[in-house]
Amino acid sequence: MSPTHGSIKRGQGGCHPCGRKKAGAGISQAWARRRERPRTDGEQATAELQTFGLTPLDRYPGPAGLWVCRHDTCGRDVEIRLQNLRRGLRACRYCSPKPCGRRRWPPDEAEALMRAAGLEPLEAYSGRRHTAWRCRCTGCGRETSPSLGGILAGQGGCRRCADLRAAAARRTDPEIAAADMRAAGLEPLEPFVTSVTPWRCRCTACGGEVTPTLMKIRSGGGCRFCASHGFDLIAPARVYVMQHHQHSAVKVGIGGTAGRNERVAHHRRSGWVLVQDWHFTTGVEAHAVEQAVLQHLREAGHDPHLSRDIMPNGWTETFDASLVTPTAVVALVETTIATLAGTVRPEPGRTILRPDRWSGRPSIPSSVRRTRANKAGRAQLPLF
């Protein structure tokens, strides 16, 4: 044998066969002491088990065997080893060891909690309360993944249904909404939907039909025909197409014919050149034509060419002249006028019939009618 000096210093024996004999003798003595212990019979085990709050449901399998019992506190069936209870382990894994601690939920009770919250589980419970649990909402039918801990904390399991409930709680009472509209001089013509939904109303001052939102009215808005600021929808107006050679840009817009809202002269001072314009009897007609042209260009994929820094007012109505030539924009405006008016080519002074899908301008009483700008330039085209 060849022991090391270090092993002798650590207390190990130098002879391996002698060491095995000593180890065997120690194991034999341990088994002898264990055999000398008094064995626990079934009655003693049952009495000891009841001290832990458990009632046996099966015969005693021995201290190391799994014993099916019922916990007297929660009434659940558990499997426990008597030797584990003797070492201090808790009797029921579902009950918290502390009075105010968290408990472990069995799968069947966890699923019952989810169904009570309006959620149908789509997979088995993982056993962890903070793990996302894939379910289907029985209210809206959407798939969601809440946690059991969130449901126990009082949270809703479906974000969509929670948003709808919150929106319903914040929804304005229809009678209050109608009162706000009437206070602003507007008579509702249809039921109230939401504060951001256009609401068809009739102005009690001018008789015009408008579609403002309740939010706009509460922020100080009103009838667009009676407004004393912004674009004048009652006075004569025109649709114009202008070009800027330095920026290689083309612009389509609307403005007044004289005085208020006369925007062509303002753009000319910034280097814009008028290509062509079309005059109309009211701003309602000009606005309809402009919006139809802009919608056509944007649906074709043309984004604004200039930025707000270059052109603070009207930059969203500018387009790249290399992609959309001024001639093409002029042709598009004339086609739009013909489509909305139902004629091939409008003539100055000629009354153009209005299609049924377009609403006419309101008949404004003389008592509330504003002073209109003087007609200037060519004759007006009554589009509607």
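The values are calculated or read from the model by the stated rules, or taken from the named source; none is laboratory data. Quantities reported herein were computed from a predicted structural model and do not represent experimental measurements. So basically every Cβ, Gly included, is an ideal-geometry build from the backbone, and we count neighbours across all protein chains shown. For the accessible areas, the whole protein counts, side chains as well, though only heavy atoms, and no ligand, DNA or RNA atoms are used. Shrake-Rupley method; radii C 1.70, N 1.55, O 1.52, S 1.80 Å.
Put simply, the amide H of residue 119, placed in the peptide plane, has neighbours under 5 Å in 138, leaving out anything fewer than 5 places away on its chain. Other residues whose C-beta falls under 15 angstrom from the C-beta of residue 68 contribute a net charge of +1, scoring Lys and Arg +1 and Asp and Glu -1. Entry note, segment 116-237: relative contact order of 13 percent, from Cα contacts under 8 Å with a spacing of 6+ residues. Heavy atoms of the protein chains alone define the surface here; on that basis segment 60-99 has 60 Å² accessible area per residue at 1.4 Å probe size.
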